[in-house]
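A.B. asks: Have a look at the structure that comes next, please.
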Amino acid sequence: MTLKVIGAGLGRTGTYSLRLAINELGLGPCFHMEDVATNMPVQLPLWRAAAAGQADWDAIYDGFNSAVDWPTARFFRELSAVYPEAKFVLSIRDPNTWADSFGETIYKMISDKENAPPQFHDWLDMATDIITQTGIPTGADRDGLAKAFSAHVSLVQEAIPAERLLVFQAKEGWEPLCAFLGVPVPEMDFPRTNNRSEFWDLIENVK
């Protein structure tokens, strides 16, 4: 299968809501970090290889028509070349509120990975590697995280041609996303999910 929609936005920018929206628009199944966590025996070796520069994109995205969130967002340049017809959605939010949300969820989890349940260790090692490669340093404070977030946004905008890129905030709802993707606006409300408490619920369900 060929990816039609690729999310270049980092985790905690509404990527889970975007995944649900893309599925609702008939452009899924949409790959997300959750798909790594729930299929670690297959996905972890593939993403380790990708992080080492030996990606097998066909194997990684087998059965999927779109992808959002990490680890995908780390590879926006590579994926732009591999899938030249794909459209990119760069999900964003205020850098400071992103730093707060990221710091209390994903960053907290990878920073304390030694105390995580054993079944999570390999996954968290991979996630740490991918997130660091994205330009998010370990041990950063709120300002450092916000600056790294803004830098990622700028890099995506520089690398992806404007005609292939939608800069998007979930609060904008269906209209800009559907216009960009060339599909009708659904009658249902735009998905709103995966706040901080829901994030930890998702992690708990992986166990």
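A.B. asks: Taking the conditions exactly as written (modelled with pLDDT of 95 or more, in contact with a Pro (Cβ under 6 Å, 6 or more places away or on another chain) and under 24 Å from F102 (Cα atoms)), does A151 satisfy them or not?
C.D. replies: Spelling it out, it is not the case that A151 is modelled with pLDDT of 95 or more, in contact with a Pro (Cβ under 6 Å, 6 or more places away or on another chain) and under 24 Å from F102 (Cα atoms).
A.B. asks: Count, please, the residues in the range 29-51 that happen to be closer than 19 Å to L90 by Cβ and not in a helix (DSSP H, G or I).
C.D. replies: Looking only at that region, the number is 3.
A.B. asks: Out of everything in the range 77-123 that is basic (K, R) and modelled with pLDDT of 95 or more, what residue ends up being nearest to A179 (Cα to Cα)?
C.D. replies: K87
A.B. asks: Could you give every pair whose Cβ atoms fall below 8 Å, whose first residue belongs to the range 42-55 and is under 14 Å from D129 (Cβ atoms), and whose second residue is in a loop (DSSP other than H, G, I, E, B), counting only separations of at least 6 or pairs across chains?
C.D. replies: L46/A55; L46/D56; W47/P71; A49/A55; A49/D56; A50/D56; A50/P71; A51/P71
A.B. asks: For the range 86-109, how many residues are touching a residue at least 12 places away in the same chain (Cβ under 8 Å) and either closer than 11 Å to R12 by Cα or surrounded by fewer than 17 Cβ atoms within 10 Å (Cβ to Cβ) (or both)?
C.D. replies: Residues meeting the conditions: 15.
A.B. asks: With respect to T2, determine if the residue is touching a Gly at 6+ places or on another chain (Cβ under 9 Å) and polar (S, T, N, Q).
C.D. replies: Answer is no for this residue.
A.B. asks: Just name the residue that is surrounded by the most Cβ atoms within 10 Å (Cβ to Cβ) out of those in the range 52-77 that are part of a helix (DSSP H, G or I) and over 15 Å from the mean Cα position of the chain (by Cα).
C.D. replies: Ranking the qualifying residues of the range 52-77, first place goes to W57.
The values are calculated or read from the model by the stated rules, or taken from the named source; none is laboratory data. As the structure is a prediction and not an experimental result, all values here were calculated from the model. Cβ sites come from the backbone with ideal geometry, for glycine too, and all protein chains shown count toward neighbours.
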